[in-house]
Amino acid sequence: MSVSLGTPRTSGTSGKAPRERSPMRRQETRAALLFISPWIIGFCVFMLYPLFYTVYLSFTDYDVINDPSFVGTANYTELVDDPKVSLALRNTAIFALLTVPTQLVVALGLAMLLRHAGRASGFFRTAFYLPKMTPPVAVGVLLLLLFNGQSGLVNAALGVFGIDGPNWTTDPTWVKPGLAMMSLWTVGASVVILLAALSNVPKDLYDAAELDGAGPWGRFFHVSLPGISGAVYFVVIIDTIGALQSFTEAYTAFFGSGNTTYSNDAALFYSIYLFQQAFEFLHMGYAASLAVLLFAIIMVITAVQVWVGKRYVYYAGDA
């Protein structure tokens, strides 16, 4: 007779992590929180608190001199009826629609060229990025110099080809296109981001596409663009937020000089109108309601972009 002893059973092996590790994990968590505490404190003091205080001020009448007085939703009611708000929103939307696609196309084109620049790529990366370091006020002044209807460099260049350039700074029709063209001055940051993304696209994919008979445009649309869709997605979101908050260049060129001959209404962006209400007219409560509305608009647009990105953006880790 044979007796099968079977496999001896062990006790206490439920698959859970040993309890002895929990104090170590708590210690690591405390250490991590200690290291990031400067950022947490800075975020709460300089971001979170101002955000909630702005929401509070939007329900008050506040002129900086006197204490805020609660007025309920009166600021938001005035905001809906204010024609300047709709004008500023329309100007900002048109500027964003002109700026974001133009910057993306130009940045992507320059990145594709730099990809084939060889050893000179480092020099051109620096050359394209340096204008990004120009102070925005200087860019606004430069806009007036380049786009002057009578003596500007842009119209002088157009005149070489027999084109009579428009009055960029005085004709309301051309004010926003001129500002959109001037925004290309700082496109270098997007070029660097897209170039880095292009460098990470596997060369094997280009070789396979070429063997399948794909030409340069085919390789661009079927290999390069899907491969850098994550970077394109990032650039579009950042450029959209920047365009919706555009302020310094337009304010310097059309409002800061005090020259009333310019078409100020055509350059009245939302952030400029918010600044005027807050610091020129001291309507801080009303300006706070404008800021809350801008925050809500940016959040909605970004949420839509995130939803679209989940459908069309490709990441190598998803393969």
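The values are calculated or read from the model by the stated rules, or taken from the named source; none is laboratory data. In this text, all values refer to a predicted model and were calculated from it rather than measured experimentally. Cβ sites come from the backbone with ideal geometry, for glycine too, and all protein chains shown count toward neighbours.
Here are some notes:
- Number of residues in the stretch 38-65 that are part of a helix (DSSP H, G or I) and either in the same structural domain as residue 291 (by TED's automatic domain parsing) or touching a helix residue (DSSP H, G or I) at 6+ places or on another chain (Cβ under 9 Å) (or both) equals 7.
- Any hit, the stretch 182-199, residues being surrounded by fewer than 13 Cβ atoms within 10 Å (Cβ to Cβ), under 28 Å from the mean Cα position of the chain (by Cα) and assigned by TED's automatic domain parsing to the domain that holds residue 102: yes
Conditions tested, residue by residue: (1) more than 28 Å from residue 182 (Cα to Cα); (2) touching a strand residue (DSSP E or B) at 6+ places or on another chain (Cβ under 6 Å); (3) surrounded by fewer than 16 Cβ atoms within 10 Å (Cβ to Cβ).
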site: 213; (1), (2), (3): yes, no, yes
site: 218; (1), (2), (3): yes, no, yes
site: 223; (1), (2), (3): yes, no, no
site: 234; (1), (2), (3): no, no, no
site: 238; (1), (2), (3): no, no, yes
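- Residue in the stretch 219-228 that is touching a residue at least 60 places away in the same chain (Cβ under 8 Å), farther than 29 Å from residue 275 by Cβ and polar (S, T, N, Q) present: yes
- Of the helices (runs of 4 or more DSSP H) contained entirely in the stretch 92-168, those carrying at least 2 residues that are over 25 Å from residue 252 (Cβ atoms) and among the hydroxyl-bearing types (Ser, Thr, Tyr) fall at 121-129.
- Odd one out for residue 186 among (1) out of contact with any Leu (no Cβ under 8 Å at 6 or more places or on another chain); (2) over 20 Å from residue 137 (Cβ atoms); (3) modelled with pLDDT under 90: (2)
- Condition met for residue 191 (under 30 Å from residue 256 (Cβ atoms) and in a helix (DSSP H, G or I)): yes
- Members of the stretch 66-85 found to be in contact (Cβ under 8 Å) with a residue 24 or more places away in the chain and assigned to a loop (DSSP other than H, G, I, E, B), listed by number: 68, 71
- Residue match in the stretch 147-166 (condition: in contact (Cβ under 8 Å) with a residue 60 or more places away in the chain and either touching a helix residue (DSSP H, G or I) at 6+ places or on another chain (Cβ under 7 Å) or of a type in the set (A, V, I, L, M) (or both)): no
- The lone exception for residue 248 - which of (1) under 21 Å from the mean Cα position of the chain (by Cα); (2) farther than 17 Å from residue 88 by Cβ it fails: (2)
- Candidate set from the stretch 288-319 (those that are of a type in the set (Gly, Ala, Ser) and modelled with pLDDT under 95); member that is nearest to the chain's Cα centre (by Cα): 309
- Yes/no for residue 95 being in contact (Cβ under 8 Å) with a residue 60 or more places away in the chain, surrounded by 14 or more Cβ atoms within 10 Å (Cβ to Cβ) and among the aromatic types (Phe, Trp, Tyr): yes
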